[in-house]
1. Looking at the stretch 104-154, which of its residues are more than 14 Å from residue 187 (Cβ to Cβ) and aromatic (Phe, Trp, Tyr)?
2. I need the full set of residues from the stretch 160-180 which are touching a strand residue (DSSP E or B) at 6+ places or on another chain (Cβ under 6 Å) and within 22 Å of residue 100 (Cβ to Cβ), in order please.
3. Assess whether residue 204 counts as being part of a strand (DSSP E or B) and either within 26 Å of residue 79 (Cα to Cα) or modelled with pLDDT under 90 (or both).
4. Being at positive phi, in contact with a strand residue (DSSP E or B) (Cβ under 9 Å, 6 or more places away or on another chain) and part of a strand (DSSP E or B) narrows it down to one residue among 151, 74; which is it?
5. Please specify each residue of the stretch 101-134 satisfying the condition of being touching a Pro at 6+ places or on another chain (Cβ under 9 Å) and among the aliphatic types (A, V, I, L, M).
6. Look through the stretch 77-109, keep the residues that are farther than 26 Å from residue 138 by Cβ and assigned to a loop (DSSP other than H, G, I, E, B), and return whichever of them is farthest from the chain's Cα centre (by Cα).
7. Out of all the residues in the stretch 182-189, is one or more surrounded by fewer than 23 Cβ atoms within 10 Å (Cβ to Cβ) and within 12 Å of the chain's Cα centre (by Cα)?
8. Look through the stretch 121-171, keep the residues that are among the aromatic types (Phe, Trp, Tyr) and more than 23 Å from residue 76 (Cβ to Cβ), and return whichever of them is surrounded by the fewest Cβ atoms within 10 Å (Cβ to Cβ).
Amino acid sequence: MKTNLFLSLVLAVAIFGCGNGNYSVNSSKESLSKTEAVASVSGCTITPAMQAWNALSQSAKDLKLFSVALYDNGKNFCAADIECKQWVSNVVFVASGIRLPANTNGDRSWGSYPCPNIVSRGSISPASVNGMDIIQMWWRCPKKGGGYSTGPHTAIVISKDATSMQWIDCNYLGCCLVGIHTVTFANFSAYTGPNSGAPGTGYTVYHIQ
């Protein structure tokens, strides 16, 4: 049985795959620039948007994040040159007024955030992720023609079952395209674990509170 509140909205479009090797990773675009990151996290001023966000319950926050992300499902952001990390950052900002920090640790994690809204769950097992967790990862995905597509990726988890997770993300199914797809726990462990660094260092799971 599926374990996520959002299951009924995504079952019809979830597909299995590893990602398109031509699009899923592009290290020149997947991270926020240092300038933008500094501007985003230089202080902890509570804006009206963040004040409204902080007044919500966690379930309401998760639902708002999901609604903003789902609104972009099927859209292509090539014209705006937006890929995975920037798209997730935009979703979080629109929903909450919070911007995500820049990547660290070889793009496997994020920098610190001065407000307590971004909570790291570390490198928990894929079976332990929850709906609306955000995964920052170093992704090593076999290409159909041989070789690997390797680089950073950022995705939002929207549901899971006993063996797999469903993600909504940008630049996985096609260039700058937002879509929903399924990643098995086995593939996730293989493509973010020992093959892309020491075991347990290939990714970090976050939740926006």
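The values are calculated or read from the model by the stated rules, or taken from the named source; none is laboratory data. Remember, it's a predicted structure, so these values are computed and weren't measured experimentally. As a convention, Cβ positions derive from the backbone with ideal geometry for all residues, glycine included, and neighbour counts pool all protein chains shown.
1. 110, 113, 138
2. 165, 166, 167, 168, 169, 170, 173, 176, 177, 178, 180
3. Here the answer is no, as residue 204 does not meet what is asked.
4. 151
5. Hit for the stretch 101-134 is 118, nothing else.
6. Restricting to residues being farther than 26 Å from residue 138 by Cβ and assigned to a loop (DSSP other than H, G, I, E, B), the top hit is 79.
7. No; the residues of the stretch 182-189 include none that is surrounded by fewer than 23 Cβ atoms within 10 Å (Cβ to Cβ) and within 12 Å of the chain's Cα centre (by Cα).
8. Taking the candidates together, the pick is 148.
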